[in-house]
1. Of all residues in the stretch B:382-404 being open to solvent by less than 50 Å² (accessible area, probe 1.4 Å) and not in a helix (DSSP H, G or I), which is farthest from ligand 1 (Cβ to nearest atom)?
2. Regarding A:Leu65, is this residue more than 24 Å from A:Gly21 (Cβ to Cβ), surrounded by 21 or more Cβ atoms within 10 Å (Cβ to Cβ) and touching a residue at least 40 places away in the same chain (Cβ under 8 Å)?
3. Among the candidates B:Ser199, B:Ser268, B:Ser256, B:Ser251, which residue alone is small (Gly, Ala, Ser) and either closer than 30 Å to B:Val358 by Cβ or in a loop (DSSP other than H, G, I, E, B) (or both)?
4. Only one of B:Val263, B:Val276 is more than 29 Å from B:Ala203 (Cβ to Cβ), surrounded by 15 or more Cβ atoms within 10 Å (Cβ to Cβ) and modelled with pLDDT under 90; which?
5. Can you give me the number of residues within the stretch B:379-402 that are more than 12 Å from ligand 2 (Cβ to nearest atom) and either closer than 18 Å to B:Leu170 by Cβ or among the aliphatic types (A, V, I, L, M) (or both)?
6. Condition first: at the interface with chain A (Cβ under 9 Å from one of its Cβ atoms) and of a type in the set (Phe, Trp, Tyr). Now tell me which residues in the stretch B:77-99 satisfy that.
7. Need the failing condition index for B:Asn330 against (1) in contact (Cβ under 8 Å) with a residue 40 or more places away in the chain; (2) assigned to a helix (DSSP H, G or I); (3) open to solvent by less than 20 Å² (accessible area, probe 1.4 Å), just the number.
8. Restricting to the stretch B:292-323, and then to whatever is under 18 Å from B:Arg422 (Cα atoms), buried (at least 18 other Cβ atoms within 10 Å of the Cβ) and more than 16 Å from ligand 1 (Cβ to nearest atom), can you tell me which residue is farthest from the chain's Cα centre (by Cα)?
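The values are calculated or read from the model by the stated rules, or taken from the named source; none is laboratory data. On a predicted model such as this, the values are computed, not experimentally measured, just so you know. Glycine gets a Cβ as well: all are built from the backbone with ideal geometry, and neighbour counts include every protein chain shown. Remember, those area values only see protein heavy atoms, side chains included, never the ligands or the DNA or RNA. Shrake-Rupley method; radii C 1.70, N 1.55, O 1.52, S 1.80 Å.
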Amino acid sequence: MSLNLLTEEQNEALQEIANIGMGRAGRSIAGVFDEFVELSVPRVREAGLDRLPAAVADLIPDETLTAVRQGFFGRVRGEAIVVFGITGCRDLAGLMGYGSALEDCEEDELLLDVSNVIVSACLGGIAEQLNADVCFSAPSVLASHVPPAGLFDRTSAAPADTGALIVEVNFRLERHSFACSLLMMLPADSMGAIRRALDDFLANF
Amino acid sequence: MERFEPDMTAGQRLIDMVDVGVFAVDRALCVRSWNAFMVAHSGLGRQAAIGRSIFDLFSDLPRGWLEKKFERVFALGAPSFTSWEQRPWLFRIPHNRPITGGVDCMQQDTRFIPLKDEHGEAVLVLVCVFDVTDAALLHRRLAETVSALEAERSEQQTLIARLAEAQEQLIQSEKLAAIGQLAAGVAHEINNPVGFVMSNFGALERYIERAFALIAAYDRQLDQLPPAVQADMAQMKADIDYDFMADDARSLVAESRDGLERVKRIVSDLRDFSRVGETEWQWASLHNCLDSTLNVVMNEIKYKAQVVKDYGDLPQIECMPFQLNQVFLNLLVNAAHAIDGQGAITLRTRLEGDSVVVQFSDTGCGMPPEVVKRIFDPFFTTKPVGKGTGLGLSVTHSIVGRHRGSIAVDSTPGQGTTFTLRLPLRQTSA
Ligand SMILES: Nc1ncnc2c1ncn2[C@@H]1O[C@H](COP(=O)(O)OP(=O)(O)O)[C@@H](O)[C@H]1O
Ligand SMILES: [Mg+2]
């Protein structure tokens, strides 16, 4: 499903950057949760907007998914999406300072808080490798409890050539069960910026 | 990312001008700066705020949760957020719509932005409080409108379903009316032949009696005849089994008369009952109405319930008898349906002042209060499709209303139900 958004060299560089960035992210998250975090080796893939639901369904086998989106900007502009399975991240409520009986709006807020930690740690890690600053918009719920195909319903207005670089990372905490995947999506007009950033990285290597 | 500068005067002036609450806190969550927006809206001056813990300044902050949130901002060096949608407000600050708002304090989005020193370590967190009260109010009003519309829509959908049911019911009652008309016609047609058969039968009865009397008279003169003739007669009587025949003929006649009487009664009940569409006020005996309705539904009742009549002395009342028949029919059928196995239905009538009281008591299943509350609602039924339409009692209620009467129900689950009808003797304005 390669769209050739990046050259092979750039792709390898991104993979490398993601590896290092996620290592740092894992350490930051472990510090926040005060618990050992197991992170899968990030997998970098490309998918067109139309292939996204299928790609996400691949990542998480659950029948209904919940997703939180958060914009990032700086040298590279795009959106990060964190996709949760059916149980969301209820298991993390205690770690995040919530009481044990979550109300509906608290459950949403918890999702936003957890997503914010993951997005800022992971993107921050990557941005650091690229020697770039990154800022974040407030996160918001993209869709909750919908089948994979419904996740991007409201995204259909996006330009057809919007490509997504999916950086897939799976998280596991030692004493809590929860899984999520992170997608980093870049619009077509941001591809130039990331390519240049990767080229700079390669030049300094 | 913003860097913390010790000399903030220029920045402070800028920050004072923005229409956003901005203040900085250190790791101990004590306030280190406090902009003009915060002074104006929180009512706390700079002197009062700076140096104090935010938990002293805002006593109703969710402490454990917020401490964790700040910890994360310091640890990750990345911003954190709250949104009014999940958390309408974090800092209790009055808003700018004390009169027209209808919310208790400023609705807000907040940002927690780490301020880093030259080593990249977060040393302060800048808290930004955005007043989104107007947008939140608008959004909430919109959401209310949407949910009202949705409720209306689903109400409409049930109404449409009810309309379909009502149409079905209309067709059903059209059919019933046609059947009633047919029954009235048939009853009328049968009434004539039954009438002349009855009168012929009366004559026949008398003729037979007289013929037997004649034979008896002959018998008394039998010894006047020659012995040979006497023997012949005796032989003939023995051959035709005359004694049995004479006896049986009388009981055949009596039984047939009984049967004819019954046919006549059923035909006349059917005719009374099916006077379709009759809306004339007339003086009628409620006991006659009750009895003719009972005859019509007896088939449905007789295997389940014993019918006990406890009739008082009633004058005729001014009513629409056909409509009252329909009321009695509904109540009797409901009572029979309520009885599982064997039971009793008691009909009690009394005169009380200017009205008559008719009571239907059954020993059936009874009803819990939440059912009783709804039984007069059209389409309310607890019976399976095909057995109940849920219209019986609502029609009953409107007929009783038309008679300026009342209907009351008293029911005990597991024991039985009593419906009490009260009808005025006369319709004053009719
Ligand atoms: N005598 C009774 N005993 C118990 N329940 C009754 C009795 N009469 C009426 N009900 C309840 O009231 C409901 C409505 O009665 P009705 O309006 O006649 O409609 P239907 O008989 O078609 O259900 C019945 O479904 C039943 O639950
Ligand atoms: Mg009924």
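1. Result: B:His403.
2. Yes.
3. Result of the check over B:Ser199, B:Ser268, B:Ser256, B:Ser251: B:Ser268.
4. The match here is B:Val276.
5. Qualifying residue count for the region: 5.
6. Of everything in the stretch B:77-99, just one residue is at the interface with chain A (Cβ under 9 Å from one of its Cβ atoms) and of a type in the set (Phe, Trp, Tyr), namely B:Phe81.
7. (3)
8. B:Ile317
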